[in-house]
Amino acid sequence: MKKEEAEAMDALEAGDYIAAEAAYKKWLSRKPAENLAKLGLAQTQLLIRTDGLELNAVLDESTKNPSDIALQLKAADVEIVNGGVEAAFTRLLHAVRATTGDDRAKIKDHLLNLFALVDQSDPRLVAARKELASALF
């Protein structure tokens, strides 16, 4: 195990997501193509974004404010952390269809980040990728 990987694992076990993020970034600066480090960084950043959020409270708020993009992104994050892969993808695919310009680009980028957290052979990911392509073109 590399030094940065050990640092990241120790930080994650201690619940120090900021230190884990720094270790993954250091690892990627040394080995930019390292998939394990990319995945670890994406997972750690998701944990940072969702730390302290309560699933039902975020989902209720996002339902009441469907045009609030920041809330929709936050809701997708808590859904994915809680195992709701399909729900998170569906939420953001609807948001992509309902927006244009910078908002659409922001949602698309967030969705692509969530895609990176899911096994590439997962049928939910394959379907969501196709839906994203048709929504964009």
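The stretch 24-70: D in µm²/s via Stokes-Einstein (Kirkwood Rh, Cα pairs, 20 °C, 1.002 mPa s)? Rounded to a whole number, D works out at 168 µm²/s. For the stretch 30-94, the set of GluC sites (Glu not before Pro) satisfying both a DSSP loop assignment and a count of at most 11 other C-beta atoms within 10 Å is given as Glu54. The distance between label points at Lys38 and Glu61 comes to 3.2 nm (points 7 Å beyond Cα on the Cα→Cβ vector). Pairs with C-alpha atoms separated by more than 18 Å, drawn from the list Lys3/Lys38; Lys2/Lys26; Lys25/Lys108, are Lys25/Lys108. Give the Debye-formula value of log10 I(q)/I(0) at each listed q (0.11, 0.12, 0.17, 0.20 Å⁻¹), with one equal scatterer per alpha carbon of the chain, two decimals each. The Debye formula, applied to the Cα set alone, gives -0.44, -0.52, -0.95, -1.17. Place a point 7 Å from the Cα of Asp122 along the Cα-to-Cβ direction; which residues of the stretch 18-51 have their backbone N under 20 Å from it? Counting only backbone N, you get 35-51. Of the candidates Ala75, Ala11, Ala88, which one comes out as most mobile in a Gaussian network treatment of the chain with C-alpha springs shorter than 10 Å? Fluctuation is largest for Ala11. Among residues other than Ala75 with Cβ under 12 Å from its Cβ, the summed charge is -2 (Lys and Arg +1, Asp and Glu -1). The mean accessible area for residues of the chain, using a 1.4 Å probe and ignoring ligands and nucleic acids, is 57 Å² per residue. Restricting the trypsin sites (Lys or Arg not before Pro) of the stretch 47-90 to loop positions (DSSP other than H, G, I, E, B) with no more than 15 neighbouring Cβ atoms within 10 Å leaves nothing. Element breakdown for the stretch 1-124 at a 1.4 angstrom probe: carbon and sulfur atoms account for 52% of the accessible area. Given +1 at the Cβ of Lys and Arg, -1 at the Cβ of Asp and Glu and no other charges, the dipole of the chain around its Cα centre is 620 debye to the nearest 20.
Given their separation in residues at 0.36 nm each and the Cα-Cα distance between them, Leu47 and Ala105 gain 18.6 nm when the chain is fully extended. In this structure Thr44 has an accessible area near 0 Å², from a 1.4 Å probe over the protein heavy atoms.
The values are calculated or read from the model by the stated rules, or taken from the named source; none is laboratory data. Computed from a predicted structure; not experimentally measured. Note that we place each Cβ from the backbone using ideal geometry, even for glycine, and neighbour counts take in every protein chain shown. Ligands, DNA and RNA are stripped out before the accessible areas are found, and what is left, the full protein with its side chains, is counted by its heavy atoms. Shrake-Rupley method; radii C 1.70, N 1.55, O 1.52, S 1.80 Å.
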